[in-house]
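Notes follow once the structure below has been shown.
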């Protein structure tokens, strides 16, 4: 089994505008909006872990989403199909079942329900683990209510 590791992930808003992580810290500054962190190697993952690390100010909900649709039709040479930041209902589906995986938060202000991570106050982090991750594409959706900074990384075995 091969290991796949991401550096800090870039966030995209619903229009596709990117917020790159700081070279010095790996943290991305997010405003009150919904942002998406595409997981770059999800298509080869059998086991997937997504780690969220936050500052004390940010508040919002973090959910893992999946799609079986490609980003472009025709193996990457055709027209656009479903972008990493697409917000059309049904093209990305939230994963939120007890059987799909395991999520845990540490620090203050985290509430974990199934695979949904809610953050209200205090610094800390949380991890979502999918031990059986056969999806084509995954992303972390961050519905931010109070802006701040976050660092998101991913690890997979496949």
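The values are calculated or read from the model by the stated rules, or taken from the named source; none is laboratory data. Keep in mind that what you see is a predicted model, and the values were worked out from it rather than measured. Ideal geometry is used to build each Cβ from the backbone, glycine not excepted, and the neighbour counts take in all protein chains shown.
Numbers for the structure displayed
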read-out: Residues (in contact with a strand residue (DSSP E or B) (Cβ under 9 Å, 6 or more places away or on another chain), over 16 Å from residue 143 (Cβ atoms) and modelled with pLDDT under 85) located in the stretch 82-102; value: 100, 101, 102
read-out: Entirely in the stretch 1-90, the strands (runs of 3 or more DSSP E) that have 3 or more residues that are surrounded by 16 or more Cβ atoms within 10 Å (Cβ to Cβ) and within 14 Å of the chain's Cα centre (by Cα); value: 11-13, 34-38, 47-54, 59-67
read-out: Exclusive hit being touching a strand residue (DSSP E or B) at 6+ places or on another chain (Cβ under 7 Å) and either on the phi > 0 side of the Ramachandran plot or modelled with pLDDT under 85 (or both), set 29, 108; value: 108
read-out: Filter result for the condition that a residue is outside any strand (DSSP E or B), surrounded by 14 or more Cβ atoms within 10 Å (Cβ to Cβ), in contact with a strand residue (DSSP E or B) (Cβ under 9 Å, 6 or more places away or on another chain) and touching a residue at least 40 places away in the same chain (Cβ under 8 Å), over 126, 133; value: 133
read-out: Positions within the stretch 97-123 being part of a loop (DSSP other than H, G, I, E, B) and buried (at least 18 other Cβ atoms within 10 Å of the Cβ), in sequence order; value: 100, 101, 115
read-out: So residue 142, is it within 23 Å of residue 20 (Cβ to Cβ) and either surrounded by fewer than 20 Cβ atoms within 10 Å (Cβ to Cβ) or modelled with pLDDT under 85 (or both); value: no
